[in-house]
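I have placed the structure first, in the form of structure tokens, so that the comments after it can refer back to it.
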Amino acid sequence: MKVERFSPDLDTEPRHWVRHDQAFAMMLRPGSIEWGSKRSALEKFDYTAGDLALCDRHVGEWVGLMNVSHLQLGISDAALMASSDGAYGEVELRASRKFADPRLSSMVAAVHAEMVAGFPSGRLFLDSVEQAMAVTLVNGHAVRHRPVRLYRGGLGSARLRRIKELVHAKMENDLSLDEMAQSVGLSTAHFARMFRKSTGATPHQFVLRQKLERAKRMLRAPDARVLDVAVACGFKTQQHFAQVFRDVCGVSPTEYRQDFMGSEATCACETCCEDTLRVNV
């Protein structure tokens, strides 16, 4: 998924654009955009923060940005085709100059927050969000709409075991959704749906959970450095690791280790006192 932010400080002259990927944009602040097939016949649209626009592709159009800041995302054909079970070849979506979709807006906002932070969550997070966006776009904006197929059941135990082995083997790397799906011979969309049925979590949530479980085991060693734990568990920075750990576990990595060591010391002390009591008796 391509992610670009446009923040012109001043009004810009209309430019001619031809997009070959499927792109849509979310406005980050109020502003206006002029759209049209001809420069002499542009239509002005006023936007507020959170408004969306779904762009034409393979069709040239004139676009004039009038002091509007927006985030533009390019959704791959592979994600769109997977979300429609490959029924259309190249999936065609209806262009819309201005529309609202709370679900899409929340996903774009999550991508924007990830971009501002320097993409610390890696490819799998963006792949997962792109797949969710593709499903929403195909369901709501496909020119020739066909509902996304629903699958009963979930992944078998052998496939789940293979996924867990892959996650643990490549935890330090930037694992992608496509790589996980290919390991069990499924399309990305089919895999994502089946995986959630089997585990109750998205692939990104599952991988994050596995990373934190490994981190907890490593933090129980008194000489383990938080930075070393973060790197071994696939986090790009110690700060991102600490933030995620606190958000999920309720304490910082250092506090978790201190609490664990304190409970270990308490148990050892109680055992010692019981032994002394038995000897004295």
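Candidates are the residues of the stretch 76-119 that are in a loop (DSSP other than H, G, I, E, B), among the acidic types (Asp, Glu) and at pLDDT below 85; the one that is nearest to the chain's Cα centre (by Cα) is ASP85. If you go through the stretch 37-56 and keep only what is over 20 Å from ALA100 (Cα atoms) and in contact (Cβ under 8 Å) with a residue 24 or more places away in the chain, you end up with SER37, LYS38, ARG39, LEU42.
Here is a list: ALA181, ALA215. Which entry is farther than 26 Å from MET81 by Cβ, of a type in the set (A, V, I, L, M) and buried (at least 20 other Cβ atoms within 10 Å of the Cβ)? After applying the criteria, what remains is ALA215.
Give me the residue from the stretch 25-44 that is part of a loop (DSSP other than H, G, I, E, B) and out of contact with any Phe, Trp or Tyr (no Cβ under 7 Å at 6 or more places or on another chain) and, out of that set, nearest to LEU71 (Cα to Cα). Looking at residues that are part of a loop (DSSP other than H, G, I, E, B) and out of contact with any Phe, Trp or Tyr (no Cβ under 7 Å at 6 or more places or on another chain), I get LEU28. If I ask for residues that are under 18 Å from PHE241 (Cα atoms), open to solvent by 20 Å² or more (accessible area, probe 1.4 Å) and in contact (Cβ under 8 Å) with a residue 12 or more places away in the chain, which ones from the stretch 193-208 would you list? Hits for the stretch 193-208 are HIS204, LEU208. Can you tell me which residue within the stretch 1-32, out of those that are of a type outside the set (D, E, K, R), more than 20 Å from VAL111 (Cβ to Cβ) and surrounded by 12 or more Cβ atoms within 10 Å (Cβ to Cβ), is modelled with the highest pLDDT? Ranking the candidates gives PRO30 first. Whether a residue is in contact with a Lys or Arg (Cβ under 9 Å, 6 or more places away or on another chain), in a helix (DSSP H, G or I) and open to solvent by 20 Å² or more (accessible area, probe 1.4 Å) was assessed, and VAL248 passes this test.
GLY234 meets the conditions (1) in a loop (DSSP other than H, G, I, E, B); (2) surrounded by 16 or more Cβ atoms within 10 Å (Cβ to Cβ); (3) at negative phi in every case but one. The failed one is (3). Taking the listed residues ALA268, ALA189, the one that is small (Gly, Ala, Ser), open to solvent by 50 Å² or more (accessible area, probe 1.4 Å), at pLDDT below 85 and in a helix (DSSP H, G or I) is ALA268, with no other qualifying. Considering the stretch 39-56, the residues that are surrounded by fewer than 18 Cβ atoms within 10 Å (Cβ to Cβ) and either in contact with a Lys or Arg (Cβ under 6 Å, 6 or more places away or on another chain) or basic (Lys, Arg) (or both) include one that is farthest from GLU4 (Cα to Cα), namely ARG39.
The values are calculated or read from the model by the stated rules, or taken from the named source; none is laboratory data. No experiment lies behind these values; they were computed from the predicted model shown. Cβ atoms come from the backbone with ideal geometry, glycine included; neighbour counts cover every protein chain shown. Please note that ligands, DNA and RNA were not included when accessible areas were found on the heavy atoms of the full protein model with its side chains. Shrake-Rupley method; radii C 1.70, N 1.55, O 1.52, S 1.80 Å.
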